[in-house]
Amino acid sequence: MDFVSTLLTTLTPPKGMWESILSAFKNGTGSYVWAVILIALIVRVVFSLVDIVNKKITMKNTAIQEKMKPELEAIQKKYGHDKTLMQQKQNEVYRKYQFNMMGSCFPMLIMTILQLVVFMTLWTGLQSVANYNIAEKYDNMKSVYTSVITLNEDDDFKNFVVDYYQDGDSISAALSTNEEGVKILKVEISNPDDNAPDVREFALAKTELSNKEIYELLLKYVIVPETETTDPTDPDAPAEGETIVGLEEESGEGDGEQQTPPATEPTITYVDTGINNVVKILAESISSQYYLDNQEGFLWIDNVYKPDAPQTSLFTEREIKRYMSGFYTKEEKALEKEHDYEGKIFNYVVNEGVGKQNLGKNGYYILTIIAAAASFLSMWLSNKLMNKNKPVDPTQKKFKMTYFIMPVIFAIFTMSYTSLFAIYIISGQLVMIGLTPLTTWLTQKWTQASEKKKKEKDVIVVDYRRKDK
């Protein structure tokens, strides 16, 4: 149920490389979750092909180092007292076996840099996509809420619900779109004594309003001053259109005179149409309906744009104001700094409209646990297969520290940022686990073929047959 906002705060989708790729994949798969999984698959397959080359170089250098080891140990024992001479003799051994220390590390360094670049840029892109979608969803909810509030000014709507307001019948509403793309509010009023409910449809006008204008609309029909009442039968209720100054201050003599509010503050003009409370209830209902219907979840996660964490609220005023501020004009920023219109509107649209019961836990750190476990298993399996049937190398004990460092890093990222990134991490690690046996086997076969070819070149064939001149 898309609702394209026409508020003056214009939201524009992020235009980075990964953001564009994610958008294209999302359009093809219908979901950012599947888009992320597909990207993880492609990225890991490409890196696996590069990893085959890296593993081959590593295996070749490891074999050379094993051959050099006795000679290097002998040199260290014989010339250990003279560091300069020892280094000279070691270099001679390196040249003999055509071993380049920097050359052996360079492919691994390139691989690490490429992975880090993809990791950080994709993380930034996913966070940007998540922030935009959260802001867009809130902006659409705000637009829906505002459009319903304007029904206070619709005479047909007022005539339809006035009896409900007086008799206390049951009322409900649903939002839909007609063939012309106009948003339609379908309102149903039911009475236990009636067999068939009364149903009417009302077109919702687009709301080309700024935050200041939206807040003034709330002041007019929703925010009731403490001295006001919404009961139209109350004989003390002010006449329709009567202005009530909300920022009242009594004079020092206690004469109760009203003071003129600052010019920059909107005037509180509460207009009791007799159906204000009905429209407010419907606006909250539709806002909540939009929120729940447009929730993009995955398995146990309600919102993939937030972390899989129990303390995560799906909407917070602080983050909404931070996201939306990126789209404000200079004038809007000045107004928000002075009056905090966004925060005041958020309270009615989200806190009262959606309700805190629908803004609760988004998960239980399950993605974090899976990401850490998958990372550990991927590294352990790769090292196990690469060193199969080889004697235990004491230096490998230092490498084992990475078994725990990388899972911890992944855990921090997945519990702190969008669930989409956690899904990418897990998908990528699972693909690596599945491809590691294949890439290791291909690397070993390639290495064996290269060694066999080298040995054939090294064999000197002597022909003892007599040759005719």
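The numbers here are math on the coordinates, done by the rules we state, and not lab data. Please read these numbers as outputs of a predicted model, since none were measured by experiment. Backbone-built Cβ (ideal geometry, glycine too); neighbour counts: all protein chains shown.
Okay, here's what the table says:
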item	result
Cross-link pairs Lys96/Lys453; Lys26/Lys384; Lys337/Lys361; Lys26/Lys137; Lys67/Lys384; Lys67/Lys89 - those with Cα-Cα distance over 26 Å	Lys26/Lys384; Lys337/Lys361
Whole-angstrom gap from segment 14-30 to segment 315-329, using each part's C-alpha centre	23
Residue exposure sequence - Thr443, Thr112, Thr146, Thr316 - by fewest surrounding Cβ within 10 Å	Thr112, Thr316, Thr443, Thr146
Mean Cβ count within 10 Å, highest first, over the residues of peptides 328-336, 422-430, 410-418	422-430, 410-418, 328-336
Residue exposure sequence - Val117, Val36, Val129, Val93 - by fewest surrounding Cβ within 10 Å	Val117, Val93, Val129, Val36
Label point distance in nm, Thr121-Ile21, each placed 7 Å from Cα along Cα→Cβ	0.7
Cα gyration tensor, segment 281-354 - rounded (a/c under 1.5), prolate or oblate	oblate
Residue-count net charge about Ile37 - beta-carbon cut-off 13 Å; Lys, Arg +1, Asp, Glu -1	+2
Spin-label proximity, Leu41 to segment 427-446 - amide N less than 19 Å from point 7 Å beyond Cα toward beta carbon	427-439
Residue order, fewest to most surrounding Cβ atoms within 10 angstrom, among Ser382, Ser143	Ser382, Ser143
